[in-house]
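Visitor: Dropping the structure in here first, questions after.
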Amino acid sequence: MHVRTSDPGAVPPPGIRRLLGGPASTAETAAAGRSGPLWRWAGGVALGGLGHYAAAAAVLEPLSRSPAAGPALRAHAAVTRASHLRQLGGHAAAAVLDGGALRALSAIAAAGDPSATDVWGTGACAATADALTGLAADALGRFDARTARVLLDRAGPWCGGPGHRTRVRHDWVLAETALVAGDPVAALGAAGRALAGARLLGSPRHVLKSRLVRAVAGGVAGEDPVAVLAKLDAVAAEADGSGLLPLHRAALLAGADLAARTGARPPSGQRGGPSAGAGRSRTGHATADRATPDGRRDPDARGRHAGASRSDTRSRQTDAEGRRSAVLRTVSVLYTRSDGPGRDLLRE
């Protein structure tokens, strides 16, 4: 039984909420890196949301070992780093970090009450929920829906209620688990709860990802593929405009898969999906952001429409091919923003 106690991270200030809910500016993430442990963790979350994985690792890895951070924030830092590795395909490496965080929290989290924590989830109970949910997502990387479901059942009591960050994240992985298990109806339910919770939380980044998960579940459940494709394109465009490169990549990939599976195409004039490089996500390193995972440069990579080329070959490409071309250009930017382990994962 949990004993209600005050959570040291309750009611974080607006700046922390901005970093956790994004999209945060470069100035905000830089300022967070010069502040206390809670701010540094939130800054690492924001950097990962922008796809700056190397910069996030430089913040999170020292924080995960810092005695000054305290056990809850050390666990949050490790779990956040695990999430970034998982986004790059590193499920095994992520599981090591998630498992280590869970073991470190076993004593301190037992005294907490998830219902008493702040909705943004900055304390030990939330870190426990995140570690267990992360382990479930790691299991999904092995297509092990059964283990994922067991871990999600363990995570559930540690999550806050509707509108809590931990509950939204839990519902994302519930939806993904249902899809892997072949239950699109359950996936739709979980995705719908995630979207409602994210809106209640008031986090733009969580709302955008929830819309993505809901669209994917709808596509698998047999909803009108043209309508689903339009929703995925809208998510991709908003993610690109906000600099949320990991969500941009995921939405493009989901759209490419749906277009290839169903032959669906967007309305005339929108073939190939949203722009692959018009948003803030391409600012910063003018040459580095044009690098590709094998080290080559593409001088026309920025600002081109998905599926376009110097001679505009869209008429000769399928919609899915155009979207996959856009994915590769987004991956090339993520590659330049990743550290050594991240780049190795992207090359696999």
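The values are calculated or read from the model by the stated rules, or taken from the named source; none is laboratory data. Just so you know, these numbers come straight off a predicted model, no measurement behind them. Using ideal geometry, Cβ is built from the backbone for each residue, glycine included, and neighbour counts are taken over all protein chains shown.
Visitor: Restricting to the stretch 193-233, give me the number of residues that are more than 26 Å from TRP120 (Cβ to Cβ) and assigned to a helix (DSSP H, G or I).
Guide: Residues meeting the conditions: 12.
Visitor: Which one is modelled with the lowest pLDDT among residues in the stretch 85-117 that are more than 29 Å from ALA250 (Cα to Cα) and not in a helix (DSSP H, G or I)?
Guide: GLY112
Visitor: Still on this structure, please answer the following. Given the criterion of a type outside the set (Phe, Trp, Tyr), in a loop (DSSP other than H, G, I, E, B) and buried (at least 24 other Cβ atoms within 10 Å of the Cβ), identify the matching residue among GLY121, GLY134.
Guide: GLY121
Visitor: Just one of the numbered conditions (1) surrounded by fewer than 21 Cβ atoms within 10 Å (Cβ to Cβ); (2) touching a Leu at 6+ places or on another chain (Cβ under 7 Å); (3) not small (Gly, Ala, Ser) is not true of THR128; which one?
Guide: (1)
Visitor: If you don't mind, another one. Report the residue count in the stretch 214-247 for those that are among the β-branched types (Val, Ile, Thr) and under 22 Å from HIS52 (Cα atoms).
Guide: 1
Visitor: Looking at the structure I just gave you, is ALA82 crowded, with 24+ Cβ neighbours inside 10 Å, closer than 30 Å to THR330 by Cβ and modelled with pLDDT of 95 or more?
Guide: Spelling it out, ALA82 is indeed crowded, with 24+ Cβ neighbours inside 10 Å, closer than 30 Å to THR330 by Cβ and modelled with pLDDT of 95 or more.
Visitor: Name the pairs: first residue in the stretch 335-348 and among the β-branched types (Val, Ile, Thr), second residue buried (at least 17 other Cβ atoms within 10 Å of the Cβ), Cβ to Cβ under 8 Å, at least 6 apart or on different chains?
Guide: Going by the 8 Å Cβ cut-off, the qualifying pairs are THR336/ASP289; THR336/ALA291.
Here's the yes/no breakdown for (1) at pLDDT below 95; (2) hydrophobic (A, V, I, L, M, F, W, C); (3) in contact with a helix residue (DSSP H, G or I) (Cβ under 9 Å, 6 or more places away or on another chain); (4) part of a helix (DSSP H, G or I):
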| position | (1), (2), (3), (4) |
| --- | --- |
| VAL3 | yes, yes, yes, no |
| PRO8 | yes, no, yes, no |
| ALA42 | no, yes, yes, yes |
| VAL45 | no, yes, yes, yes |
| ALA56 | no, yes, yes, yes |
| VAL59 | no, yes, yes, yes |
| ALA69 | yes, yes, yes, yes |
| HIS76 | no, no, yes, yes |
